[in-house]
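Trainee: My questions all concern the structure below.
The values are calculated or read from the model by the stated rules, or taken from the named source; none is laboratory data. None of these values were measured; they are calculated from a predicted model. Every residue, glycine as well, gets a Cβ built from its backbone with ideal geometry; the counts of neighbours run over all protein chains shown. To get the accessible areas, we keep the full protein, side chains included, count just its heavy atoms, and leave off ligands, DNA and RNA. Shrake-Rupley method; radii C 1.70, N 1.55, O 1.52, S 1.80 Å.
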Amino acid sequence: WEFEQKFKKLVSSKYAVALTSGTVGLNVGLKSLSIGYGDEVLLQTFTFIAVAESIISVGAKPVFVNIDETLNMDLKELKKKISKKTKAIISAGMLGNPVNSKKLKEISKKYKIPVIDDSCETLGSKIDNKLYGNEFDLTVWSFDSGKTITTGEGGMIITNNKKIYEFCKYYIDHGHENKKNIPR
């Protein structure tokens, strides 16, 4: 609980949910957006395999988008890949280089497609002198031994959306509401 509180404060988020890994965060994040069979999720070609695995694990189809010179998703190609089946976009700031969040937010808003930001490698990155990390519908972090900070293994979802937060919190704990005045 204390780690969640400190982390959400660090990245200026209303809610944080600690998890066992960043991969679990991607899975739970997709579930929180009701992504499933028949849906398509756009992701970039340069990313960790867990992103595609998470999409497949919820029954959706990964649709790959090439990267541009920033090593992030080519946003011009992204627009061309959007279809009626597109239900989410997962961006991944590889090697500490976050996506152009302003332009991706414009696309997300225009097409009404939520964005999961895989920020597993961007902790500490800044855009316009502001710490990056709370730009989209939800953000997933990894604390694996190869990341900026580590807990040995572990992950975190952050969001400003109470509905997403509550789904994630209950989902990872078998539906328990964990009310302090009602013991388990």
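Trainee: Run residue 71 past the list (1) under 17 Å from residue 136 (Cα atoms); (2) at pLDDT below 95; (3) part of a loop (DSSP other than H, G, I, E, B) and report the number of the one that doesn't hold.
Mentor: In the conditions (1) under 17 Å from residue 136 (Cα atoms); (2) at pLDDT below 95; (3) part of a loop (DSSP other than H, G, I, E, B), residue 71 misses (1) alone.
Okay, residues lined up against (1) farther than 18 Å from residue 24 by Cβ; (2) more than 15 Å from the chain's Cα centre (by Cα); (3) open to solvent by 70 Å² or more (accessible area, probe 1.4 Å); (4) at pLDDT 80 or above:
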| site | (1), (2), (3), (4) |
| --- | --- |
| 92 | no, no, no, yes |
| 126 | yes, yes, yes, no |
| 141 | no, no, no, yes |
| 147 | no, yes, no, no |
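Trainee: Right, another one. Within region 49-77, how many residues turn out to be in contact with a strand residue (DSSP E or B) (Cβ under 7 Å, 6 or more places away or on another chain) and of a type outside the set (Val, Ile, Thr)?
Mentor: 9
Trainee: Further question on the same structure: Could you say whether any residue in region 1-11 is open to solvent by less than 70 Å² (accessible area, probe 1.4 Å) and at pLDDT 95 or above? Don't jump to the end; show me each part of the working.
Mentor: Narrowing region 1-11 to residues open to solvent by less than 70 Å² (accessible area, probe 1.4 Å): 4-5, 7-8, 11.
Checking the rest, the ones that are also at pLDDT 95 or above come to none.
No.
Trainee: As an exercise: evaluate residue 85 against (1) under 17 Å from residue 112 (Cβ atoms); (2) in contact (Cβ under 8 Å) with a residue 40 or more places away in the chain; (3) buried (at least 17 other Cβ atoms within 10 Å of the Cβ) and give the number of the one condition it does not meet.
Mentor: So the condition that residue 85 fails would be (3).
Trainee: Tally the residues that are open to solvent by 80 Å² or more (accessible area, probe 1.4 Å) and charged (D, E, K, R), restricting the search to region 54-82.
Mentor: 5
Trainee: Pairs please, first residue from region 100-126 and more than 19 Å from residue 79 (Cα to Cα) and in a loop (DSSP other than H, G, I, E, B), second anywhere and small (Gly, Ala, Ser) and open to solvent by 20 Å² or more (accessible area, probe 1.4 Å), Cβ atoms under 6 Å, 6+ apart in sequence or on different chains.
Mentor: From residues that are more than 19 Å from residue 79 (Cα to Cα) and in a loop (DSSP other than H, G, I, E, B), the pairs are 121/96; 122/96; 125/96.
Trainee: Hey, does region 44-66 have a residue that's under 13 Å from residue 100 (Cα atoms) and either modelled with pLDDT under 95 or not aromatic (Phe, Trp, Tyr) (or both)?
Mentor: no
Trainee: So, of the residues in region 52-66 that are farther than 13 Å from residue 39 by Cβ and without any contact (Cβ under 8 Å) to a residue 24 or more places away in the chain, which turns out to be nearest to the chain's Cα centre (by Cα)?
Mentor: Of everything passing the filter in region 52-66, 52 is nearest to the chain's Cα centre (by Cα).
Trainee: Which residue out of 24, 28 is open to solvent by less than 10 Å² (accessible area, probe 1.4 Å), in contact with a strand residue (DSSP E or B) (Cβ under 7 Å, 6 or more places away or on another chain) and β-branched (Val, Ile, Thr)?
Mentor: Numbers: 24 fails: open to solvent by less than 10 Å² (accessible area, probe 1.4 Å).
The unique qualifying residue is 28.
Trainee: Filter region 102-122 down to residues that are open to solvent by less than 10 Å² (accessible area, probe 1.4 Å) and over 17 Å from residue 30 (Cβ atoms) and give me whichever is modelled with the highest pLDDT.
Mentor: 104
Trainee: Please give the number of the condition residue 137 fails out of (1) open to solvent by 10 Å² or more (accessible area, probe 1.4 Å); (2) touching a helix residue (DSSP H, G or I) at 6+ places or on another chain (Cβ under 8 Å); (3) farther than 21 Å from residue 31 by Cβ; (4) modelled with pLDDT of 75 or more.
Mentor: (3)
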